[in-house]
Amino acid sequence: MQEKGGTLLPFLKDIRFHWESVNTKNRFPYNIPALQGLGNIELTGNVTFFVGENGSGKSTLLEGLAIKCGFQLMGGGRASLVDAHEDHHSLEELITLSWLPKVKTGFFLRAETFYNYASYIDELAKESPEAYQPYGGQSLHKQSHGEAFLSLFLNRFHMQGIYLLDEPEAALSPQRQLAFLRLIWKLEQSGQAQFIIATHSPILMAYPGATILDFDQSPMQETVYENTEHYFITKRFLNDRKKFLEELFAPDNSIR
């Protein structure tokens, strides 16, 4: 990473959208409200969070970035040969990435396909037991879901690279989310890593100095932690749980 004024700058600088290459903008994923009208997303920091409701487009964009970076849709590093074997609609043909310098290492994590990725590592280990080495020396299936995630983070997230993570909090307790935040901090301080993370976790998105991009806005825009719905709902719930639940369970409540 380059340094400017004592601050380490990210590898991936800019995500540019080329809408002129799209024949029709009224079908998925080109009709995602958060992305329509966007010319580019400038990345100025090493930790960026995509936040928003389910279906807002954050995971779809992350998948497009992953494919553009050379990762398989299933997840893993660039050397992984496993694929998701599923229909998907990606944005990789719509976007171009600007780098300085270009990095070819990193990892793409999809929480929803992590089980399949762990099975892929088991298959590799049948012929080469050292395949387990980057994952704590044992099968990810022989660890709890949370232990497997943390083992992956601790053993694979140590090299220079870009790390694209889709809901990494899915298997992490609050305590382990804090441990993960420390891991992000250590890698960022070393100048070795850039993180782009799609998350619902108010713990993770509280990372100091992170950029938060709100996909519930149309078009998507940068926001601050205290303005996220995740922070607002969590704070309101913890400050007065009884009142919050009384309102939630009221007969005329329209929340679904």
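The values are calculated or read from the model by the stated rules, or taken from the named source; none is laboratory data. Keep in mind it's a predicted model, so treat the numbers as computed, not measured. All Cβ positions, glycine included, derive from the backbone under ideal geometry; neighbour counts span all protein chains shown. We work out accessible area using only protein heavy atoms, side chains counted, and drop any ligands, DNA or RNA first. Shrake-Rupley method; radii C 1.70, N 1.55, O 1.52, S 1.80 Å.
Observations, loosely collected:
- For the stretch 190-236, the carbon plus sulfur part of the accessible surface works out to 51%, probe radius 1.4 Å.
- Of LYS68/LYS126; LYS102/LYS142; LYS68/LYS235; LYS104/LYS186; LYS25/LYS58; LYS13/LYS104, pairs whose Cα-Cα distance is over 26 Å: LYS68/LYS126; LYS102/LYS142; LYS68/LYS235
- Each peptide in 55-68, 196-209, 31-44 receives the mean, over its residues, of other Cβ atoms within 10 Å, and ordering these scores from highest gives 55-68, 196-209, 31-44.
- Under a 5 Å amide H cut-off, with hydrogens placed 1.01 Å from N, VAL47 pairs with PHE195, THR211 among residues at least 5 apart or on other chains.
- Prolate/oblate/rounded label for the stretch 164-236 (Cα gyration tensor, a/c 1.5): oblate
- For the stretch 110-256, the per residue solvent-accessible surface stands at 56 Å², with DNA, RNA and ligands left out and a 1.4 Å probe.
- In a simple Cβ point-charge model (Lys, Arg +1; Asp, Glu -1; nothing else charged), the stretch 188-253 has a dipole of about 260 debye relative to its Cα centre.
- Check: the stretch 106-155 dipole with +1 on Lys, Arg Cβ and -1 on Asp, Glu Cβ, in debye: 100 debye
- Farthest toward the positive end of the dipole of the chain, out of ALA250, LEU238, ALA34, is the Cα of LEU238, where the dipole comes from beta carbon charges about the Cα centre.
- For the chain, the Cβ-based charge dipole about the Cα centre amounts to some 540 debye (Lys, Arg positive; Asp, Glu negative; other atoms uncharged).
- The shape of the chain comes out rounded: with a ≥ b ≥ c from the C-alpha gyration tensor, a/c is under 1.5.
- Cα-based shape type of the stretch 11-56, given that a ≥ b ≥ c are square roots of the gyration tensor eigenvalues and the cut on a/c is 1.5: oblate
- The apolar share of the surface of the stretch 133-179, taken as the fraction of accessible area on carbon and sulfur atoms (1.4 Å probe, ligands and nucleic acids excluded), comes to 49 percent.
- Think of the chain as a dipole: +1 on every Lys or Arg Cβ, -1 on every Asp or Glu Cβ, centred on the Cα centre; then among ASN116, GLN189, PRO101, GLN189 lies furthest on the positive end.
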